[in-house]
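Before any comments, here is the structure.
Values quoted throughout were computed directly from the atomic coordinates according to the rules given, and no laboratory measurement underlies them. These figures come from a predicted structure and were not determined experimentally. Here Cβ is always computed from backbone atoms with ideal geometry, including for glycine, and neighbour counts include all displayed protein chains.
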Amino acid sequence: MMGHGSNGADHKKRLRPVLQLHSSGKEMIRIPKSIYLKMVEHAKKESPLECCGILGGKDHAVEKAFELQNVDQSSVRYAMAPQEQLKVFEEMEKDAMEMVAVYHSHTHTIPFPSDTDVKLAFYPEVSSIIISLKEKDPVVKAFRIGKEAIYLEEIEVIS
Ligand SMILES: [Zn+2]
């Protein structure tokens, strides 16, 4: 009686995570002002297409930004060029940095992870930064996207 017919097997569908404000106060990412501005500029430069990049550093403190190609060339989604991604990982390793965050832009929507963003978030310990260009002034938000929830993360811009 091992046949199919059980509905259970197909029920691995992921539930849409809910937003939770993290209260521990530990979930914070520190970004130097120059890198913060560079990210926003990158988003504006690629608009109306989404931009994407990687932030390297240590202990949630950003030290370096890597701009990557959005191979999807899309205004609603992004995919980082795999070859460039490899190069960035190599460079970060050489400088003893880790991937602190992945950033991308939303050129027409609010700075909140889309369903696709949630699906593609493989690293819950890595921040997902979204730069929204929906309003006149860009809005930048950081999240940790976990299996059960999306946590809003505080960004501290340091000089
Ligand atoms: Zn997105």
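Annotation for the range 94-157: chymotrypsin sites (Phe, Trp or Tyr not before Pro) lying in DSSP loop with at most 13 further Cβ atoms inside 10 Å of their Cβ are 122.
If you take the Cα centroid of the range 50-68 and the Cα centroid of the range 94-159, the two points sit 11 Å apart. Note that the range 112-125 has calculated 3J(HN,Hα) couplings of 9, x, 7, 4, 5, 4, 5, 5, 8, 8, 8, 10, x, 8 Hz, one per residue in order, obtained from phi through the Karplus relation 6.51 cos²θ - 1.76 cosθ + 1.60 (θ = phi - 60°); glycine and proline are x. Proximity of backbone amide H atoms, modeled 1.01 Å from N, is registered between residue 63 and 56, 57, 58 at under 5 Å, excluding neighbours fewer than 5 places apart on the same chain.
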